[in-house]
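Below you'll find the structure, written out as structure tokens, and then a few comments.
The values are calculated or read from the model by the stated rules, or taken from the named source; none is laboratory data. Bear in mind the structure is a predicted one, so any value in this text is a computation, not a measurement. Reconstructed Cβ throughout: ideal geometry from the backbone, glycine too, with neighbour counts over all protein chains shown. Just the protein is used for accessible areas: all its heavy atoms, side chains included, with ligands, DNA and RNA removed. Shrake-Rupley method; radii C 1.70, N 1.55, O 1.52, S 1.80 Å.
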Amino acid sequence: QNEINEVPFFDVQLPYELALKIFQYLGKAELGRCAQVSRMWKILAEDEVLWYRLCQEEGYLLDMSISDHSCWKLALKNCRAREHMLKTNWKNRVGAVSQLRYEPGRVLCDVHCCDGVVMAGYTSGEVRLWDTRTWDCTAPVLAAVAGPGGAGAPPHVSFVRINSSLAVAAYEDGTVSVWSLLLGQEPIHHFQHNQHLQALALAPGGSAVATASGFQVKVESPDDRGFWQTPGTFEIQKLVNFLNLVPDVTGSPVAVAAAEDIVYLLKAEGPGKILHSVYGQPVTCLDVAAHEAAFGIKTFGWLLNEPNQILLYNLETNQCVTKVGNSMGDFSCVNLHSSPPNMLVAGNKDRRVRVFDLRRGEAACSVLGHQLGVCAVRMDEWKIVSGGEEGLLCVWDQRTATKLWEMHARHPVRHVWFNSHSLITANIPEEKNPRGSSITEDDPSLHRKYRGVIYCYDFSVDQLAVDSVLPICRSSYDEVTGYSYNIGLAVPYDSI
């Protein structure tokens, strides 16, 4: 018997490659049972090709080739153990939390995140970046374009947006600056509006920028040689409240704009089309995915008993696919693009967070835990993270519809972003010029409680480490001064 080239399958001898093809239909448990049959079956059941395929099917290490690991069975085991550890840490709030704070006392205006890179704009006109993947906490400043003559204080930042390659900031005076994350801190593009901007959008995976100022929507994008141009300028009949760029669009960029009770589909090659319009039913929130747009509408007027809803439109057929919601409160935020397939999550002013199954057209989950309206929400396969107007951040288990934990801060939670191991939230004040702040522009003495704050939670730390609990419970007892709130609250005297 040639055990190198032939495998004994009971009373038949099969070539190794053919036996491997049969074993490709087995899962992890079946391969483990087959490995106990004989020495030859054990060699076959632990073949690297089989375990590499299983690892890829479960979504682990997708960017690696089969030669990058010597034992793919062990690699899959480690990936599953890490996933279980991260899920346990998420549920039990085990991890480290940091504040991405810009100290010279200015008020936080807007925050946006992309793959762990945080972009923040302030009332001082400065724009800062943090890379939480490498913990680059120096927060480099993105240089702004100098105003005419360089006179006067820089305007406040109105909006910031960031994706994997570009960062965009809009200022109160209508200025828009674009930076490349690869080329440094000087802007690569700059343009000016005559009025302040109501909305700013950046394509998640592209390089197009859309702005809404007054009754005009402008789309800017670079050509093949890197020169910026304006492929589309649209005149809107009403003031734009919400603006999004459709992701993953080949060719000219496509924008979706909501102006009071009208939703427009704006394509660069032609005039804007009205996607939805019902008089007296204003749009309260908007989100766009690759082929669909979801927006909440507020119903009032003649039909007082008609509940508020979320409408889902197909952007290729321009037809309404489904209507979900039926709530007496206004839908204040909706997340479609980062939700699992056929799912949608929305927050409402009635303090509820609802998850909708778009295939059935009904709510799969509804949770109540906020004191005021919900203003930021995001979900994945098993959890929901929501932020409220009162500053409360809640993490929910979607399957059991229970609250896992919550954190509270002073200002509304305006931005929420997370991946498997980290969570980034932004508490942004409503009042950008609070009473009691100094009149002089160069005085950084604005009290910290007025400024707003960005929190970064890291759940990938070891559960058994001393630093695995949150900082309020993480005293090292080596401080010299009597600093009354630096005591270990969770397990006192654990390191004495």
Residue in the stretch 335-349 that is surrounded by 17 or more Cβ atoms within 10 Å (Cβ to Cβ) and more than 23 Å from CYS114 (Cβ to Cβ) present: yes
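With respect to LEU393, determine if the residue is closer than 22 Å to TYR455 by Cα and among the hydrophobic types (A, V, I, L, M, F, W, C).
Numbers: closer than 22 Å to TYR455 by Cα: yes; among the hydrophobic types (A, V, I, L, M, F, W, C): yes.
Criteria met by LEU393.
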Of all residues in the stretch 218-240 being among the charged types (D, E, K, R) and at pLDDT 90 or above, the one that is least open to solvent (accessible area, probe 1.4 Å): GLU220
Hits in the stretch 250-270 - residues which are closer than 12 Å to ALA210 by Cβ, of a type in the set (Val, Ile, Thr) and surrounded by fewer than 23 Cβ atoms within 10 Å (Cβ to Cβ): VAL254
Qualifying residue in the stretch 56-72 (condition: farther than 29 Å from LEU181 by Cβ, surrounded by 15 or more Cβ atoms within 10 Å (Cβ to Cβ) and not polar (S, T, N, Q)): yes
For ILE274: the one exception among (1) part of a strand (DSSP E or B); (2) open to solvent by less than 40 Å² (accessible area, probe 1.4 Å); (3) β-branched (Val, Ile, Thr): (2)
Residue within the stretch 106-113 that is out of contact with any strand residue (DSSP E or B) (no Cβ under 7 Å at 6 or more places or on another chain) and in a loop (DSSP other than H, G, I, E, B) present: no
Qualifying residue in the stretch 306-325 (condition: closer than 16 Å to LEU202 by Cα and part of a strand (DSSP E or B)): no
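Per-residue answers, yes or no, for (1) β-branched (Val, Ile, Thr); (2) open to solvent by 20 Å² or more (accessible area, probe 1.4 Å):
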| position | (1), (2) |
| --- | --- |
| LYS77 | no, yes |
| HIS84 | no, yes |
| ASN89 | no, no |
| VAL107 | yes, no |
| GLY121 | no, no |
Qualifying position, being within 10 Å of LYS73 (Cβ to Cβ) and either among the hydrophobic types (A, V, I, L, M, F, W, C) or open to solvent by 60 Å² or more (accessible area, probe 1.4 Å) (or both), among LEU20, LEU50: LEU50
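Please verify whether PHE215 is over 22 Å from SER164 (Cα atoms), open to solvent by less than 20 Å² (accessible area, probe 1.4 Å) and not aliphatic (A, V, I, L, M), treating the condition exactly as stated.
Numbers: over 22 Å from SER164 (Cα atoms): yes; open to solvent by less than 20 Å² (accessible area, probe 1.4 Å): no; not aliphatic (A, V, I, L, M): yes.
Considered against the rule, which asks whether it is over 22 Å from SER164 (Cα atoms), open to solvent by less than 20 Å² (accessible area, probe 1.4 Å) and not aliphatic (A, V, I, L, M), PHE215 comes out as no.
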Any hit, the stretch 363-377, residues being in a loop (DSSP other than H, G, I, E, B) and among the hydrophobic types (A, V, I, L, M, F, W, C): yes
Answer residue from the stretch 350-371, given it is surrounded by 17 or more Cβ atoms within 10 Å (Cβ to Cβ) and charged (D, E, K, R) and is farthest from SER420 (Cα to Cα) among those: ASP350
Checklist (1) within 30 Å of SER327 (Cβ to Cβ); (2) in contact with a Lys or Arg (Cβ under 8 Å, 6 or more places away or on another chain) applied to THR230, failing item: (1)
Failed item in (1) touching a Leu at 6+ places or on another chain (Cβ under 8 Å); (2) open to solvent by less than 30 Å² (accessible area, probe 1.4 Å), with ALA35 passing the rest: (1)
The stretch 378-411: number of residues that are among the polar types (S, T, N, Q), part of a strand (DSSP E or B) and surrounded by fewer than 16 Cβ atoms within 10 Å (Cβ to Cβ): 1
Residues that are part of a strand (DSSP E or B) and β-branched (Val, Ile, Thr), drawn from the stretch 11-39: VAL12
